[in-house]
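**Student:** My structure is below; once you've seen it, I'll send some questions.
The values are calculated or read from the model by the stated rules, or taken from the named source; none is laboratory data. Since the model is a prediction, treat every value here as computed from it, not as a measurement. Positions of Cβ are backbone-derived with ideal geometry, glycine not excepted, and every protein chain shown enters the neighbour counts. The area values use the complete protein model at the heavy-atom level, side chains included, leaving out ligands, DNA and RNA. Shrake-Rupley method; radii C 1.70, N 1.55, O 1.52, S 1.80 Å.
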Amino acid sequence: GESVGLHLPTLSVQEGDNSIINCAYSNSASDYFIWYKQESGKGPQFIIDIRSNMDKRQGQRVTVLLNKTVKHLSLQIAATQPGDSAVYFCAERENNFNKFYFGSGTKLNVKP
Amino acid sequence: EAGVTQFPSHSVIEKGQTVTLRCDPISGHDNLYWYRRVMGKEIKFLLHFVKESKQDESGMPNNRFLAERTGGTYSTLKVQPAELEDSGVYFCASSQRGGEKLFFGSGTQLSVL
């Protein structure tokens, strides 16, 4: 499997601002992507997912964008709150095998 | 509904000792996965069970690691003998049969001194 990488290991934003967390993947065969949030002392929690036949998906305050041309995934968080502070992981799944490859994570710090 | 539970939450052992980690998946979940995160790096796949069968163990680092899931319920991951580089957080995740979304436990922080 090929690795998933992140552009920025740490991101600091002001409370109320929007956050954008980026992720690059290298396996063009990946068909499904998930963003996970990991708070201190907890396991990764599902935030939002997107399939390779889509380029955008919205949830509550979160949006995931997928650009297959450049193999790039991003997570946008609107009106970032202190509770959003965590490490965010993107994960890709290769070709319908339920095996996920994770990036190294981006730490999001929300400043009050 | 109880989530994925892992025990212990922390384990500190000396090099050469044996440690056994346990994972209880969500009831009814056929798929069970072990992942590991070492030194702030990416979360790496170790292996995948479907019920009691090992579907994919391509991520297991070496033969010091042994995973079992007898009866297709809980799983154990034994490291024997432990080495310094085995330190990290070991996550267990489960999903329904045919399910895509993985539900993770809180992990076991393993420190090998």
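**Student:** Output the number of residues of segment B:54-87 satisfying the condition of being free of Cβ contacts under 8 Å to residues at least 40 places away in the same chain and either within 14 Å of chain A (Cβ to nearest Cβ) or part of a strand (DSSP E or B) (or both).
**Tutor:** Residues that pass the stated criteria total 11.
**Student:** Now, a different point. Taking only segment B:1-53 into account, find how many residues are of a type in the set (D, E, K, R), touching a Leu at 6+ places or on another chain (Cβ under 9 Å) and either exposed (fewer than 14 other Cβ atoms within 10 Å of the Cβ) or touching a residue at least 40 places away in the same chain (Cβ under 8 Å) (or both).
**Tutor:** 4
**Student:** Further question: Is it the case that some residue within segment A:16-29 is within 22 Å of residue B:25 (Cα to Cα), open to solvent by less than 20 Å² (accessible area, probe 1.4 Å) and in a strand (DSSP E or B)?
**Tutor:** Looking for residues that are within 22 Å of residue B:25 (Cα to Cα), open to solvent by less than 20 Å² (accessible area, probe 1.4 Å) and in a strand (DSSP E or B), one finds none in segment A:16-29, hence no.
**Student:** On the basis of being assigned to a loop (DSSP other than H, G, I, E, B), among the β-branched types (Val, Ile, Thr) and free of Cβ contacts under 8 Å to residues at least 12 places away in the same chain, does residue A:80 make the cut?
**Tutor:** Criteria not met by residue A:80.
Let's see how each residue does on (1) β-branched (Val, Ile, Thr); (2) within 14 Å of the chain's Cα centre (by Cα); (3) more than 30 Å from residue B:15 (Cα to Cα):
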| position | (1), (2), (3) |
| --- | --- |
| B:51 | no, no, yes |
| B:84 | no, no, no |
| B:98 | no, no, yes |
| B:101 | no, no, yes |
| B:109 | no, yes, no |
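**Student:** From A:45, A:76, which residue is within 12 Å of the chain's Cα centre (by Cα), within 11 Å of chain B (Cβ to nearest Cβ) and open to solvent by 40 Å² or more (accessible area, probe 1.4 Å)? Walk me through it before giving the result.
**Tutor:** Numbers: A:76 fails: within 11 Å of chain B (Cβ to nearest Cβ).
The conditions single out A:45.
**Student:** If a residue has to be under 15 Å from residue B:90 (Cα atoms), touching a strand residue (DSSP E or B) at 6+ places or on another chain (Cβ under 8 Å) and among the basic types (Lys, Arg) to count, how many in segment B:19-63 make the cut?
**Tutor:** Looking only at that region, the number is 4.
**Student:** Part of a loop (DSSP other than H, G, I, E, B), open to solvent by 40 Å² or more (accessible area, probe 1.4 Å) and either acidic (Asp, Glu) or out of contact with any Ser or Thr (no Cβ under 8 Å at 6 or more places or on another chain) (or both), is that true of residue A:40?
**Tutor:** Considered against the rule, which asks whether it is part of a loop (DSSP other than H, G, I, E, B), open to solvent by 40 Å² or more (accessible area, probe 1.4 Å) and either acidic (Asp, Glu) or out of contact with any Ser or Thr (no Cβ under 8 Å at 6 or more places or on another chain) (or both), residue A:40 comes out as yes.
**Student:** If you go through segment A:48-60 one residue at a time, how many are surrounded by fewer than 14 Cβ atoms within 10 Å (Cβ to Cβ) and within 23 Å of residue A:107 (Cβ to Cβ)?
**Tutor:** 2
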